Each structure stands twice: as structure tokens, then as C-alpha cells.
1. Of these, Gln314, Gln309, which one is part of a loop (DSSP other than H, G, I, E, B) and out of contact with any Asp or Glu (no Cβ under 6 Å at 6 or more places or on another chain)?
2. I need a count of the residues in segment 19-33 that are of a type in the set (S, T, N, Q) and either farther than 20 Å from Pro127 by Cβ or touching a residue at least 60 places away in the same chain (Cβ under 8 Å) (or both).
3. Checking the conditions here, which among Glu322, Glu311, Glu235 is modelled with pLDDT under 95 and either surrounded by fewer than 17 Cβ atoms within 10 Å (Cβ to Cβ) or touching a strand residue (DSSP E or B) at 6+ places or on another chain (Cβ under 8 Å) (or both)?
4. In segment 148-183, what residues are free of Cβ contacts under 8 Å to residues at least 40 places away in the same chain and either among the hydrophobic types (A, V, I, L, M, F, W, C) or under 16 Å from Arg238 (Cβ atoms) (or both)?
5. Spot the failing condition for Leu53; the list is (1) over 18 Å from Glu143 (Cβ atoms); (2) open to solvent by 10 Å² or more (accessible area, probe 1.4 Å); (3) in contact (Cβ under 8 Å) with a residue 24 or more places away in the chain, and only one is missed.
6. Report yes if Gly78 is surrounded by 24 or more Cβ atoms within 10 Å (Cβ to Cβ), in contact with a His (Cβ under 8 Å, 6 or more places away or on another chain) and within 14 Å of Asp37 (Cα to Cα), otherwise no.
7. Name every residue in segment 282-292 that is open to solvent by 10 Å² or more (accessible area, probe 1.4 Å), in contact (Cβ under 8 Å) with a residue 40 or more places away in the chain and farther than 19 Å from Glu372 by Cβ, in order of residue number.
8. I need the full set of residues from segment 201-239 which are farther than 28 Å from Ala181 by Cα, in contact with a Lys or Arg (Cβ under 6 Å, 6 or more places away or on another chain) and either assigned to a helix (DSSP H, G or I) or of a type in the set (S, T, N, Q) (or both), in order please.
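The values are calculated or read from the model by the stated rules, or taken from the named source; none is laboratory data. Everything quoted here is computed from the prediction, not taken from an experiment. Glycine gets a Cβ as well: all are built from the backbone with ideal geometry, and neighbour counts include every protein chain shown. To get the accessible areas, we keep the full protein, side chains included, count just its heavy atoms, and leave off ligands, DNA and RNA. Shrake-Rupley method; radii C 1.70, N 1.55, O 1.52, S 1.80 Å.
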Amino acid sequence: MANPFLTPAKIISGSAALEDAGSSLATLGKKALIVTDRMMVQLGNLDKVLNILKQHHIAYSIYAEINSEPCDTMITAGLKQYQTEQCDFFIALGGGSPIDSMKAIAMMSVEPDRPLNTYMGHPVEVPLPKKVAIPTTAGTGSEATQFTIITDTENDVKMLLKGGSLIPDLAIIDPQFTMTAPKGVTSATGIDALCHAIEAYTSRQAQPLSDTFALSAVKRIFNNLVEAYEHGDNEEARIQMSLAALEAGIAFNNSSVTIVHGMSRPIGALFHIAHGLSNAVLLEVCMNYVKDGALDRFADLARYCGITQTEDDQQAADLFIENLTALLAKLNVPTLAQLNVDRDQFFSALEKMAHDAAVSGSPANTRKPITEAAMIELYRQLW
């Protein structure tokens, strides 16, 4: 069986990657819509990008309104600015939200009268304007994927939209941007990347090339995330985490995510919990549940990360989960109660969340049969 393998057309990574990318940016269009948030403006990160654009005589318009997880109204407003300003390509600067928003706006620019929610279940393969992703967190991997997650505000559903055309044409992985990420963001986004890598490796859709990137990402994260969390000014740890997030994004882009992401999206949609945090809350509970469906895969992860070299898959898999639990403890993952989720409202939404998770398709990629009843029980265990 043949396996397609998709990545950005060009990746520029490492120290001074932004400066080195100037000539590449100049080939993509005449005027960029920069999709970002106000924090990137306040931190001075936007100015760094503008300086490069000015050096290469590239015009731009700034859309800095992605100040929470993206929803359909933000996409509509961004599309209007793209059209009004007569832009012809996109640059996203920020975490997963601006990058996901850029993809959705680019998608809408081709058929501006088509409702956004009609793209669910219909892969986007038509040519889109050129897209540049400059991630400022080491986590979502959106700079390398064909996915975007946008909230449908009318139905309180996080829509998973996909298609090869959504992959950025250029990904600029410069650690200078992640140096400003606070500890909470470093933790949540790093765990998000870890989810991507573990789920990609243990997915039914895994393939040899996605396995290579997933294994490398998990090892980098185990070796560097705590250091980046505790010492945010450690440039080497930040570089390694940026590479890990990219690798994890490439891995699940060509494999799939599984139960964690499937169960995470309804929590985010209903209780407005950031994507990385809802993944972090679920990771240990979900991996404990699915472990026996992929013992050999979890054992591989333990051996590759140097946790153990035992040939006993059960023992190795158990040790991997134990080390995962210890890692999460060091990263101070909050509980749902600490995230101000109302317990009664959460329990009243169990059936809807489990149903929405199942409909997303992600849990079906897990190497263990997952029923809605099983997911309801896993949600209960979060309390």
C-alpha cells in the first residue's frame, strides 16, 4: 500500500531563520495580510516581521484580531480585510490560533460566499493564495499541517477542516519568537506537541515516514520540555522544542490524531478552554486507557526515548506511561476545576461531548475500539 506524505513546500529553521527568509517572502506576492494577535504587537514580534517586509519592499495589512481561539466571525472579518486591502498572500504570526485562522481565511478567499461550516467533511484541494506560517509557540504544529480548527459559534462546535491546500507554503521556525512564551504557554503547547507525536505513532493510520518524525518528536520533548519550561531563556531547549513541534505536526499531518484530540475539541468548544490545555488535561487518562490496544507501540516509544531496553512490551509500555505521568507532574498541568470549569455543567454535557468526539472521527483512529460510553467514563475520570 502506498502512502502519500505531505509537508510545507519550504521550511526555514534555526537561529536567524526570519532574516534568512526575506528573499523567499518576496517571491510569494506583492501585499500580505498579516494574521496575528495583539500580544504579538505588544511583545515587538510583529515589528521584527515588518522590518523584514520593508527591507524587501513587500506591502502589508495587519489583522491583529485573533485574540482567542478562532471562530467563524473572526474569519469573516479577516476575509473582508483581505479583500478590501487587495492583498494577494498571507503571513500568520503567533500560536496555532493565528495560523489556523490564516488557513481558513485563505480557504474562504476562493469562495467568499460559501458558508464556512459547509467545509466540514469536504477536503480543500483547490489552489489557494500563498501562505506563510511563523509560529511563536512550540506546540500546535499548524505550520506543517493540512488542518485548521475553527469554532462554529452558532452550534458550539469546533470544526475540524482539512485539505492539502491548507498546508502553508513556507514555514519559518525561528526560536527567537518562542523565547517570550510564558511558562503556562510553554507547558500547554509543549504537551500539545507531545499529544500530536504520541497519537501519530499509536494511530491506526501511522506509516513509516510519519513514525520517523513522531519518534524523534517524542524524544526531543522528553529531553527538552521541562528545561524550556523552567528556564525559558535556554535557547537550545527552545530550538529543540520548536523542531519537536514541527516534527510532531508533520507526523500527525500524515498519520492522524486519535482519542485525546477527539475528546479535547468538545471541552474547548463548550467551556472555552485553550486547545493545548484541554489536551493536557486528557493525556494521562486517555493514554492509560488505550495502552493495551497498542502495547508494542508504547513499548517502542519507551525504548526509543531511553526509558528502558526491556524486551517485555507490557513492562516497557507501563514504564512509558509512568514517565509520561511524571513529566506532566513537573509541568503543573491544571485540573478542570482549576480551569474554572463548572462540574455540574460538565457532567450535564457528557453525552454531547462524547457524541461530538465520535463524530469528529479522531477516536476511531485509536488502536483500541472506542465507544461513546467509554469516552463518557473517561470524561468522568477527569474529576
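1. Numbers: Gln314 fails: part of a loop (DSSP other than H, G, I, E, B).
Matching residue, one of Gln314, Gln309: Gln309.
2. Here is the first cut: in segment 19-33, the residues of a type in the set (S, T, N, Q) are 23-24, 27.
In the following step, the residues that additionally are either farther than 20 Å from Pro127 by Cβ or touching a residue at least 60 places away in the same chain (Cβ under 8 Å) (or both) were identified as 23-24.
Matching residues across segment 19-33 total 2.
3. Details: Glu322 fails: modelled with pLDDT under 95; Glu311 fails: modelled with pLDDT under 95.
Of the residues listed, the single one that is modelled with pLDDT under 95 and either surrounded by fewer than 17 Cβ atoms within 10 Å (Cβ to Cβ) or touching a strand residue (DSSP E or B) at 6+ places or on another chain (Cβ under 8 Å) (or both) is Glu235.
4. none
5. The one condition Leu53 does not meet is (2).
6. Details: surrounded by 24 or more Cβ atoms within 10 Å (Cβ to Cβ): yes; in contact with a His (Cβ under 8 Å, 6 or more places away or on another chain): no; within 14 Å of Asp37 (Cα to Cα): yes.
Against the criterion (surrounded by 24 or more Cβ atoms within 10 Å (Cβ to Cβ), in contact with a His (Cβ under 8 Å, 6 or more places away or on another chain) and within 14 Å of Asp37 (Cα to Cα)), Gly78 does not qualify.
7. Passing the criteria: Glu284, Asp292.
8. Scanning segment 201-239 gives a single hit, Thr202.
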